[in-house]
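Chemist: One structure, pasted below without further comment.
Values in this text are rule-based calculations from the coordinates and carry no lab data. For clarity, every value in this text was computed on a predicted model and none was experimentally measured. For neighbour counting, all protein chains shown are included, and Cβ atoms are generated from backbone atoms with ideal geometry for every residue, glycine included.
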Amino acid sequence: MSKKNKDKEIKEEQNNSLENETVAVEEQQEQEEKKSELSAEEKLKEELQNEKDKFLRLFAEFENYKKRTSRERIELFKTAGKELMLELLPVLDDFERALLHIEEDKEAEELRKGVLLIYQKLVSTLEKKGLTVVKVSKGDTFDAEVHTAITQIPAPSDDLKGKVVDVVEKGYKLGDTIIRFPKVVVGQ
């Protein structure tokens, strides 16, 4: 393309942009003239409509705020005891280990019954407060969002590759939130 053609195109673009600016200025002047022509009643109607719009927006924002704080409050109540639950989980684990050990000792039958009773009361009390066990069993597909893999071992069979081979530590949920992920061994 020659220099003359380029210069011509540049001049045309400049003229077009000047024309666009001129049109925009003229439109703005027309709008200002229309505004000055509006009667007092029309101005009041327009102001009233603007105020109604502002009010509706403010009302909608307030409703959204109320809903959001209600959801947050409900969630807070559901997980209010999270720290306490986390502190009690090792005690629950110790009870389970004690029950496994006592089962082997046939002479301590009365002791086993007592420990079992206390364990069941503790579990039922924690369940009333929203604590539930995350269900994991051997053969479940490993999911990194739900499980914590502590190690991988060669799978005993081909169908256990990429699946849970053993559950080392139970996981728990408080409401819908997992507060302790189950620790599992995965087949490789």
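Chemist: Helix 40-78 versus the longest principal axis of the chain: what is the Cα-based angle in degrees, 0 to 90, to the nearest 10?
Modeler: 10 degrees
Chemist: Just name one of Thr177, Val146, Gly187: the one whose Cα is farthest towards the positive end of the charge dipole of the range 131-188 (beta-carbon charges, Lys/Arg +1, Asp/Glu -1).
Modeler: Final value for the positive-end residue is Thr177.
Chemist: What list of ³J(HN,Hα) couplings, whole Hz, do you get for the range 109-117 from phi and the Karplus terms 6.51, -1.76, 1.60, once you set θ to phi - 60° and write x for glycine and proline?
Modeler: Working through the residues one at a time gives 4, 5, 4, 4, 4, x, 5, 4, 4 Hz.
Chemist: Quick one: angle between helix 3-37 and the longest Cα principal axis of the chain, in degrees between 0 and 90, rounded to 10, please.
Modeler: 90 degrees
Chemist: Sort 163-175, 126-138 by packing, meaning the average of other beta carbons within 10 Å per residue, with the highest value first.
Modeler: Per-residue mean Cβ counts within 10 Å order the peptides as 163-175, 126-138.
Chemist: OK, next. So how many Å³ per residue does the convex hull of the Cα atoms of the range 125-172 work out to?
Modeler: Each residue corresponds to 77 Å³ of Cα convex hull volume.
Chemist: 5 Å is the cut-off here: which amide hydrogens, built 1.01 Å from N in the peptide plane, fall below it relative to Ile179, excluding neighbours closer than 5 in sequence?
Modeler: Tyr172, Lys173, Leu174
Chemist: Rg/Rh for the chain: what does it come to with C-alpha atoms and Rh from Kirkwood?
Modeler: That ratio is 1.46, to two decimals.
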